[in-house]
Amino acid sequence: MKPPFLSCVIFISLLAGNTYAGTINVDFTKNTGTVNSRAFSMDSTEYGSPHDIVHDQTVYNLIAALHLDAMRIDLQNGNGVAPQLGAGNTSGLGDPWVQAIDKMGAKPIIRLHTMGENDNGADSGGSAADAQAMVSRYTANYASYGLSKPVQYYVIGNETNANDSSGSNFIAFASGMRSAANGQTIYIGGPAWGWYDEGTMTTYHNHTKGTAGGPDFLDYHQYGNGGNTHMTPTQLQQELNGGGTGGDVQEYGTVSYQAEVAKLHADTGLPIEVGEWNLSWGSDPAQGQPFNAIWGASVIGNIVKAGGISMEYGDSSGSLMGVVSQNDTPMPLYYAYYMFTGGDLFQHFGTNMVLTSVTGDTTSNVQGSNVVKNSTLEVFASNNPKNIVVINKDPNTTQMGTVSLTGYDSGTMNVWQTTGNALPTHIATNVAITNGTFTYSVPPYSITTFVLGN
C-alpha cells in the first residue's frame, strides 16, 4: 500500500515522467561524523544596502528565519576609531551589524583586515593593534557593546589581497588577540584563500601551527564558476555532476567540495571552513533560477558531510548572489538552506551524519579523497534529530523507490518539499513508518526533507 504522501506528488510524476531509482539506505546505527556547530552559516556581504540586515527589517526577518549557525561580517578598525564596515558598498559603524547577527541567534564571525591589505582598492590595511582592539571590544567587553555573548570566531585575511599564504599576518596578530580576549575562548582562522589550493593551505598551516597555539580552523573560498558567464544547461549539469572543464566544480561536480574539505582536514587535522561559495562570483542568470537551489543544497550537504563549515556568499548582495533579492524576496539559495535548517517550519538537521547509500552509487577519487557519487539522487541524513534530505538532480524525471531504514523500525514522519522556487510545502503529515521502510517519489530538480519523529 502506498503511503498517503505519494498521492500528493503523483500528479507531478504523470506530467514529468518517472523512473524507478531504486533503494535509498539510511543506517541510523552508524554515525559517520559530527556536524560542525557552525555547519550551516553564511556571509553578510555588505553589498546589499539598503536591503540588508541592519537597514531593512524584512531582510533581517528573512535571514533570522533561517536559524543559521553563524554569519561573517567584514570589519576594519584603524586609526583608533570604532570598528567600521570593511567591504561592499555600505559604510558605517560595525556595532549594529554584529548586534544584528547576535540578536538573530547566530554566532558572529569577524573577518579582520591585515597589514598592507588592498581589496579592490577600497579597503585599508589593519594592524596587530587593530586586531587586539577588535577582540577587546567584541569578546572581552561584549556586554558593553550590546551583545548577548562574546564573539568567539575571527578570520584573518581575505583571498590574495591579504598576501597571507605564508601566515605572516596570523603570526603577527594571533598572540595579541588571544591575550586581548581576557580569558574568553576565541577561535582564529585563515587565510581565506581565494580558491582551493592544497599546497598553499598546508604551507600556511605549517608556518602558523607553532604560533599562539596555531590556527583553530582553515578557511578558503570556492565558487562554481566565475565572472558573468551564462552557463548552458549542459554546463549547469556539469556543475552538479562533473564532466566539464574550467575549474574543480565543473570537472568533478559538487562532490568536489566534500573531497576538498576532507583532504584539507586529513592534511591538517583542523576544521575546514568554505568561507565563500556560490554558483558564480558574477551575475550568471542561473543564480536566480530554481536550479540554484538544487545545486546549493548539494553543495551544503557535501561540505557538511565532510565535517566542514558551509558559508554561502551571502545574505543580500545587490546582484544575483544573495539569498535575499533587492526586492526583499527569497532567492533560490534561501530554499536550499531552509531544507537543512528547517527555518520556522520543521526541525533542524541533526548533530551527527549517518551512513547512507543509493542504488547507482559509485566511488571516485577526487582531489585525493574517495567520495561517493550519484548523478541522480543525493542523500544526506542525520541523528539527533533524525532528518533525511533527498536531492533529485535530474531536470526531467521524477525518481521513485523505497527507503530502507536501519535503527528505526517504526514511528511517524512529516515530509517537506521544494522545487527551488518557494518555501517548502508540507506534503505529508504524521505518516506511519512500519518495518523500517517507506516509498518515495521526488519530482525533477527538487529537495525533499523527511522529518522523522523520535
Which residues, taken from the range 311-343, are of a type in the set (Ser, Thr, Tyr), out of contact with any strand residue (DSSP E or B) (no Cβ under 6 Å at 6 or more places or on another chain) and within 16 Å of Ala106 (Cβ to Cβ)?
-> Tyr334, Tyr337, Tyr338
Just need a number here: residues in the range 263-276 that are buried (at least 24 other Cβ atoms within 10 Å of the Cβ) and either touching a Ser or Thr at 6+ places or on another chain (Cβ under 7 Å) or on the phi > 0 side of the Ramachandran plot (or both).
-> 1
Could you please tell me which pairs satisfy a Cβ distance under 8 Å, a separation of 6+ or placement on different chains, a first residue in the range 338-354 that is over 13 Å from Leu68 (Cβ atoms) and of a type in the set (Val, Ile, Thr), and a second residue that is part of a loop (DSSP other than H, G, I, E, B) and open to solvent by less than 20 Å² (accessible area, probe 1.4 Å)?
-> Thr351/Val35
The condition of being within 26 Å of Thr185 (Cβ to Cβ), within 19 Å of the chain's Cα centre (by Cα) and open to solvent by less than 50 Å² (accessible area, probe 1.4 Å) holds, among Ala106, Ala100, Ala82, only for Ala106
If we keep just the residues of the range 55-79 that are over 24 Å from Asp130 (Cα atoms) and assigned to a loop (DSSP other than H, G, I, E, B), which is most open to solvent (accessible area, probe 1.4 Å)?
-> His55
Identify all residues within the range 252-304 that are aliphatic (A, V, I, L, M), in a loop (DSSP other than H, G, I, E, B) and in contact (Cβ under 8 Å) with a residue 60 or more places away in the chain; write none if there are none.
-> Leu270
Give the residues of the range 250-268 that are polar (S, T, N, Q) and at pLDDT below 95, sorted by residue number.
-> Gln250
Listing of strands (runs of 3 or more DSSP E) fully contained in the range 361-436 that carry 2 or more residues being open to solvent by less than 40 Å² (accessible area, probe 1.4 Å) and among the hydrophobic types (A, V, I, L, M, F, W, C) = 377-383, 387-392, 398-406, 411-418, 425-433
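The values are calculated or read from the model by the stated rules, or taken from the named source; none is laboratory data. Being a predicted model, the structure only gives us computed values, none of them experimental. Counting neighbours? That spans all protein chains shown, and the Cβs are built from the backbone with ideal geometry, glycine included. These area figures cover heavy atoms from the full protein model, side chains too; ligands, DNA and RNA do not enter into them. Shrake-Rupley method; radii C 1.70, N 1.55, O 1.52, S 1.80 Å.
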